[in-house]
Amino acid sequence: MHVHDLGRRRIAFLGALHLNLIHRTRPWVAVAWSWFMPGFGHLLLGQYLLGWILFAWEVAVNVETHFNVAILDTFTGHFTAAKQVLSHEQIGFLLFTYGPIFSFAAHHSYLIAKDANLLTDIGQGAAPPLAMSIRQIEWNYLAKKNPVVGWLWSLLAPGVGAIYTHRVLTAFFEIAWWTTIIVKSNILTSIAYLTTGQQQMAVRVLNPEWTLFIPSMFSFPAYYAYVITVERNKLFDREQSVFLTSHYQKNWAFPLHNKGDAKPMRFVASFDHSLQLEVALSKLQQLHLGPESVLAVPLVRRSDGPRADTANHADQRAYFDLASLAAASGCFLGTVYGFILPLGPVIWGLGGFAIGFAIGLFVKWIFNRRKRRTPSLPTEIVVVIECEEDVARQVEQILWSHGAFALARVGLQETPGQDAL
């Protein structure tokens with residue numbers, strides 16, 4: 001992999017407290033999240049400061065004007081009550097101040113998403129950030145994590161998914177606001193009444209002003225935890241590929257095994273991108289098998305073009321985009337109509353989330369089932385090692401115990417395999 005000096009177009013930054021990166025995002029997805037809650041589209045695109053400001057502004061304006069109460073009355077058919085909630089001054093403010101800023105937030109996120117896609121393509125040739133950042137009170141590093149695990153942790157408690165991916169600033173933002181919203185909405189008291197069968201009290205104690213923030217605040221952190229974990233894994237693969245190319249392709253004359261070689265043993269092994277691979281290479285160096293004796297070749301996945309990344313079914317981004325937005329919509333509608341239906345907003349909100357997510361997955365599956373799928377690549381790195389016969393067994397044990405998918409030995413008649421260890 002040839003890496004160009006494109007430092008002026010960096011697409012990732014790894015700090016001790018946070019990771020920020022530019023990645024491909026469908027513009028309509030950023031607009032949709034901005035529509036659910038101004039600021040979310042910017043947070044999705046890594047514009048954290050602006051996203052935090054817009055989110056806080058949205059909450060402040062909504063609470064001050066009682067706009068969520070008016071929305072609830074409108075959706076439940078109480079149009080007269082909705083008119084009475086908003087004064088003439090509040091209506092004027094919503095039309096001439098809130099409306100333009102709300103629209104601009106959605107439009108601006110669309111523009112940033114388009115530019116981010118272009119910058120991602122430009123920055124593919126730039127060297128990624130260092131794999132580790134250490135400061136006096138915190139440290140952070142690139143490592144592969146499971147996107148679904150981050151998604152599930154965020155569903156249990158927004159902010160925990162950010163901790164899972166070591167995004168300390170995002171975790172603080174999400175946990176602080178989630179705590180504020182559930183306290184102000186009285187949702188915990190409502191759940192307590194609901195568990196004892198007092199459904200009317202469970203609805204009566206809820207504060208609609210803050211309750212209608214819950215669907216967005218519940219759905220977006222989970223979706224973003226999934227997205228950032230997927231993109232973080234891609235960044236890890238890229239950084240490791242650059243490292244392997246620059247450090248373990250120095251011996252360009254690396255020959256195939258010839259009879260009478262000073263180092264008659266060759267090992268050929270296949271790996272996935274992982275920290276285990278780097279541990280194996282470190283242990284090989286302890287056997288005095290450095291870059292002059294090791295050739296590492298990262299393989300490039302087949303794609304249909306520069307835009308295939310976001311639609312890659314291997315990371316399921318194409319499915320989670322629509323499914324998460326449908327889940328947020330279902331959660332919102334379930335919460336709203338739960339105020340007038342049996343079981344209340346909590347049950348209907350959770351049910352709406354699950355139903356919306358399932359519908360989103362099904363629609364995306366129907367849409368994509370006839371598309372040609374790019375087969376996944378089980379092996380991403382090929383490592384070739386030359387060594388003396390007396391350390392062959394140690395080398396083989398190191399490779400098998402650190403994640404090698406397959407292994408071949410050239411130079412001995414014994415058939416390779418884990419059973420020979």
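Numbers for the structure displayed
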{"item": "Two-site label geometry, E64 and S282: point separation in nm, points 7 Å out along Cα→Cβ", "result": "5.3 nm"}
{"item": "Dipole of the stretch 1-158 [Lys/Arg +1, Asp/Glu -1 at C-beta], most positive-end residue of L19, L118, M132", "result": "M132"}
{"item": "FRET efficiency, 1/(1 + (r/R0)^6) with R0 35 Å, evaluated for A157 and F79 via beta carbons", "result": "0.40"}
{"item": "Hz values of 3J(HN,Hα) by residue in the stretch 186-195 - Karplus curve (6.51, -1.76, 1.60), Gly and Pro given as x", "result": "6, 5, 5, 5, 4, 5, 4, 5, 5, 5"}
{"item": "Peptide ranges 163-176, 97-110, 131-144 listed from the most packed, as the mean C-beta count within 10 angstrom indicates", "result": "163-176, 97-110, 131-144"}
{"item": "Local electrostatic count at G403 - Lys and Arg +1, Asp and Glu -1, tallied over other residues with Cβ under 15 Å", "result": "-3"}
{"item": "Net charge dipole size for the stretch 67-211 [Lys, Arg +1 and Asp, Glu -1 on Cβ; Debye, nearest 20]", "result": "300 debye"}
{"item": "Fraction of accessible area attributable to carbon and sulfur, the stretch 169-241 (%, probe 1.4 Å)", "result": "63 percent"}
{"item": "Added length on full extension, which subtracts the Cα-Cα distance from 0.36 nm per residue, F172 to T245", "result": "22.5 nm"}
{"item": "Computed label-point distance, nm, for sites W28 and E389 using a 7 Å Cα→Cβ extension", "result": "6.5 nm"}
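The values are calculated or read from the model by the stated rules, or taken from the named source; none is laboratory data. Since the structure is predicted, the reported quantities are computational estimates derived from the model, not experimental observations. Every residue, glycine as well, gets a Cβ built from its backbone with ideal geometry; the counts of neighbours run over all protein chains shown. Surface accessibility is based on the protein's heavy atoms, side chains included, excluding ligands, DNA and RNA. Shrake-Rupley method; radii C 1.70, N 1.55, O 1.52, S 1.80 Å.
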